[in-house]
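The values are calculated or read from the model by the stated rules, or taken from the named source; none is laboratory data. Fair warning: this is a prediction, and the values are worked out from it, not measured in the lab. Heads up, the Cβs are rebuilt from the backbone with ideal geometry, glycines too, and the neighbour counts pull from every protein chain shown. Areas reflect the complete protein model, heavy atoms only, side chains present, ligands, DNA and RNA absent. Shrake-Rupley method; radii C 1.70, N 1.55, O 1.52, S 1.80 Å.
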Amino acid sequence: MMLDALPSILTALLAGAVTAAQVAFGAALIAFGLGLALALVNVFTSVAVLRLAIAAYIEWMRNVPALAHLFLLYFGLASVGVRFSPKAAAIIGLGLVGAAVLCDVFSAGMRALHVGQREAALAVGLTPMQALRCVVLPQMLRLTLPSIGNYASQLIKDTSIASAIAAPEIMFYARSLVTSTFQTPLIYASAIALYASIVFPVSWMFNRLERRLGVGR
Amino acid sequence: MSDFFNVYREHLPEWWPRLMDAARVTAEISSLGFVLALVLAAGLVAMHRSRFAALQVAARTVVEFLRAVPLLALLLALYFGLPAVGLTLSGYWAGVLGLGLQGAAYVAEVFRSGLDSIHRGQREAGLAAGMSPFQVFTAVVLPQALRVMLPPLVNCYVSLLKDSSLCALIATDELMLAARAMSSEYFLPLHIFVLVGLIYFAIAFPLSMFSRLLGRRLSRGRRALGTT
């Protein structure tokens, strides 16, 4: 029976899901850290060159396919002696793309806050750092939560691209299972179901968080 | 540094025609995929706005499902999975179908929020003035919704253009596959992938700027009309 293969297929795909989760977490960490740092520079600097450089970075990252970034990092840099493991290349590549996306999101979020928020915080005696940490950032994060949620589910789906540079994630296992068992429709259907069963809870969680924090009020 | 550019001076005459042929395929599959996405999305939105609860639920399920599935999984399933049920598609058409399906979910969201942005009173006023529901839609609602939808639609097209690079993995002769083939032929992956990145950028960036410009333009007109 065809379904006999299902347990072994699912075991292999779940092993891939662990790698996918590692790639997603690693990339999210880079994206969040670098994205926030760039956004802060972007919003608060008065140096035009810096803003221009950040804009150039964002446009390059957002107008070139993620696959091209991964190939550049993995194959391109290897040819000049900078070698990454597939997983590391995927984390860095998706992280750098994500940083550009989140920098846009965070910059827009901070600009949407009224200037008075920061001025009032400074006026009551908070240091600029405290004003940022206690007043600006929490509100900005609440405001941008829907966009962060979209980014999170996009990132989970984008980890599938890492299979193109042979990172052993879900699609990588799916493809190698196909060549060994020929249960093609069953394997790809399982892979699709697996992605959906990861993405749905994540976006549900973000929706719940949004409602709880009263985003969009 | 000058060595880096000398490589281009030497190889570009051979590379350029191949890359341009491949870029044409990239443009074709993303454009055909986009047209398919527009048609499918129109159908989904029509279902979503119908009076029948079953159709509404079906449309929402399809959209949610397509939004949760990675394009690569969809493409591999279409290209390698469909032959098992007796339907064999070339990489080209599997790519168009995959891009169309994935794009439909995003375009449907744009359509839905665009139509939602038009106040109900507009429709009621049209009906009260004696127009048919079809006339109200084509002459009152749609023209106003289009200006809201146009910028995000251009963004959808840019996304599909970038996503079309995944069709390389189902052997469609588009830019990324050409780049992979050439990089194993010339052993100059860095040069080739930088060049290919620039080609994507040269197509996508002007479109992104156009979308932004359009958004600013159209929202300015909207305020002036006092419709918000």
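A compact table of results
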quantity	calculated
Per residue, in Å², the accessible surface of the protein assembly as shown once ligands and nucleic acids are set aside, probe 1.4 Å	49 Å²
Most positive-pole-ward Cα, B:GLN122, B:ASN6, B:VAL194, against dipole of chain B from beta carbon charges	B:GLN122
10 Å Cβ neighbours from other chains, averaged over peptide A:188-201	4
Where B:HIS48, B:HIS11, A:HIS114 fall by accessible area, highest first, once all protein chains stay in place (1.4 Å)	A:HIS114, B:HIS48, B:HIS11
Computed FRET value (nearest 0.05) for A:ALA193 with B:TRP16, which takes r as the C-beta separation and R₀ as 41 Å	0.40
CD proxy at 222 nm, helix term only [per DSSP H run n ≥ 4: -39500 (n - 2.57); per residue of chain A; nearest 500]	-25500 deg cm²/dmol
5 Å binning of all Cα-Cα separations within chain A, expressed as whole percents from 0 upward	1, 7, 13, 14, 15, 14, 12, 9, 6, 4, 2, 1, 1, 0, 0
Rg/Rg_globular for the protein assembly as shown, with Rg_globular taken as 2.2 N^0.38 Å and Rg from C-alpha atoms	1.05
Two-decimal log10 I(q)/I(0) for region A:16-99, as the Debye equation yields it once each C-alpha is a single scatterer, q = 0.12, 0.15, 0.26 Å⁻¹	-0.40, -0.61, -1.19
Interchain or long-range residues, amide H under 5 Å from B:SER117's placed H	none
Candidates B:GLY130, B:GLY215, B:GLY103, ranked by Gaussian network fluctuation over chain B, Cα under 10 Å, top entry	B:GLY130
Net length gained if the chain between B:VAL57 and B:ALA125 were fully extended (0.36 nm per residue, minus Cα distance)	21.6 nm
Between helix B:91-116 and chain B: long-axis angle, C-alpha atoms, 0 to 90°, nearest 10	30 degrees
Overall dimensions of region B:1-65 as given by Cα atoms, namely Rg and Dmax in Å	22.4, 66
Heavy-atom accessible area order for A:SER46, B:SER2, largest first, 1.4 Å probe	A:SER46, B:SER2
Region B:64-115 - Debye-derived log10 I(q)/I(0), Cα point model, q = 0.13, 0.14, 0.28 Å⁻¹	-0.35, -0.40, -1.02
Protein heavy-atom accessible area occluded, B/A pair - total, 1.4 Å probe, Å²	3000 Å²
Residue range of chain B that is longest and free of chymotrypsin sites (Phe, Trp or Tyr not before Pro) which are both DSSP loop and sparsely packed (at most 15 other C-beta within 10 Å)	B:53-186
Charge dipole (debye, nearest 20) of region B:119-202; +1 at Cβ of Lys and Arg, -1 at Cβ of Asp and Glu	400 debye
Value of Rg to Rh for chain B (Rh from inverse mean 1/r over Cα pairs, i.e. Kirkwood)	1.08
Most positive-pole-ward Cα, A:LEU6, A:PHE172, A:PHE84, against dipole of chain A from beta carbon charges	A:PHE84
Theoretical ellipticity at 222 nm over chain B - DSSP helices of four or more residues, -39500 (n - 2.57) apiece, nearest 500	-27000 deg cm²/dmol
Residue with peak Gaussian network fluctuation, chain B [Cα springs, cutoff 10 Å], from B:SER165, B:SER208, B:SER113	B:SER113
Degrees separating the helix A:86-112 axis from the principal Cα axis of chain A, which is the longest one	30 degrees
Highest-MSF residue in chain A out of A:THR11, A:THR159, A:THR144 [GNM, Cα springs under 10 Å]	A:THR11
Principal axis dimensions, largest first and in whole angstrom, of region B:76-210 by Cα	69, 42, 16
Heavy-atom accessible surface of the protein assembly as shown: percent carbon and sulfur, 1.4 Å	67 percent
Solvent accessible area, Å² - B:MET149, 1.4 Å probe, full protein context	10 Å²
Whole-number D in µm² s⁻¹ for region B:39-148, Kirkwood Cα-pair radius fed into Stokes-Einstein, 37 °C, 0.692 mPa s	207 µm²/s
Contact order normalised by residue count of chain B, Cα under 8 Å, 6+ apart, percent	26 percent
Lys, Arg +1 and Asp, Glu -1 on Cβ, resulting dipole of chain A about Cα centre, debye, nearest 20	460 debye
Whole-number Å³ per residue for the convex hull built on Cα positions in region A:38-83	89 Å³
Share of Cα-Cα pairs in region A:109-217 lying beyond 19 Å, as whole percent	62 percent
Sequence-separation-based contact order of chain A, relative, with Cα cut under 8 Å and 6+ spacing, percent	30 percent
³J(HN,Hα) computed for each position of region A:62-78 - Karplus, 6.51 cos²θ - 1.76 cosθ + 1.60, integer Hz, glycine/proline x	8, 10, 10, x, 4, 4, 5, 5, 5, 5, 4, 5, 7, 8, x, 5, 4
Stretch gain in nm, segment B:ALA202-B:ARG49, where the contour uses 0.36 nm per residue and the Cα spacing is subtracted	51.2 nm
Length released on extending from A:GLN22 to A:THR181, taking residue separation times 0.36 nm less the Cα-Cα span	54.6 nm
